[in-house]
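Here is the structure we will look at.
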Amino acid sequence: MSLIFVILIITGVVALWYLRSPKFKGKMGEKRVHDVLAELPEDYHAYDDVVLKTSWGTTQIDHVVVSRYGVFVIETKNYRGDIYGSDDKEDWKQIIVTPVRYEKKFWKEYTYVTKNKMYNPIKQCFTHITAIEKLMNWPQMPAIPVVVFAGNANLSNVWTKYHVIHLESLKNVIMDYTEALMTDGDVLRVCDALEHNNVRDSVDDKTHVRNVQQAIYQKNQKINNGICPRCGGSLVLRNSKYGTFYGCSNYPKCRFTCEQ
């Protein structure tokens with residue numbers, strides 16, 4: 001077997017592995033969202049892959065759309081299977097049920113179940129919104145969190161008061177906001193801040209992941225001590241129709257929640 005042939009095989013295996021990797025699937029999902037956002041009218045300003053410096057390191061935002069009708073902060077998930085989650089859950093679940101036939105008894109079939117966890121994407125959106133608010137020095141900025149599933153995920157088991165949608169609904173969701181909440185000057189100010197403070201060119205993925213890991217550690221330390229990691233308030237045990245959870249004592253000014 002020639003060396004060139006071996007190299008081609010290895011290259012093909014690596015390429016196939018990358019095409020199946022979560023990173024590639026995530027990038028493909030973000031590309032599909034980008035294409036939808038490109039269809040918005042000219043007075044909507046869309047930004048992809050925005051990385052902002054924060055007090056805990058950096059935060060990466062998949063997409064931001066700035067308009068007179070609000071700032072849409074979009075988290076993209078290119079997932080399939082059944083998604084389970086709610087606003088107050090720290091983690092959501094992905095369950096994939098795959099039918100598999102026995103190799104020898106091909107007329108028989110069993111199911112293979114894969115379970116994965118993801119950090120609550122609604123909470124991700126609010127982390128991004130907080131970063132933009134601090135950048136702008138604009139508490140309670142008119143921001144709208146949107147979670148977009150670019151794959152064929154089943155979202156019927158997601159309980160939320162926010163937008164958790166499939167890709168085909170994204171444009172309509174944004175265009176449904178028709179009340180002007182920002183002036184043209186506000187829009188220009190937010191756009192200018194995002195353009196001048198996006199540090200994506202100087203922060204690679206490895207650095208960002210380290211920053212995220214450090215931020216998670218610091219956040220968990222505060223939660224364990226009964227301190228709200230978002231505003232420094234006290235965490236109070238609360239009840240909802242989905243069960244008990246801890247919420248910030250400064251609600252509704254601060255909407256941080258976590259599981260009991």
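Tabulated values for the structure
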read-out	value
Peptide ranges 82-94, 186-198 listed from the most packed, as the mean C-beta count within 10 angstrom indicates	82-94, 186-198
Computed lengthening from ASN225 to LYS117, 0.36 nm per intervening residue step minus Cα-Cα distance	36.4 nm
Residues listed by number, region 129-160, amide nitrogen under 17 Å from ALA180 label point at 7 Å toward C-beta	142
Rounded FRET efficiency, nearest 0.05, which uses the C-beta distance separating SER240 from CYS191 and R0 of 22 Å	0.05
Cβ-based net charge around PHE126, under 9 Å, with every Lys or Arg adding one and every Asp or Glu removing one	+3
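Just so you know, all these numbers are worked out from the coordinates, no wet-lab data involved. Every value quoted in this text rests on a predicted model; they were computed, and no experiment measured them. Neighbour counts are summed over all protein chains in view; Cβ atoms, including those assigned to glycine, are modelled from backbone coordinates with ideal geometry.
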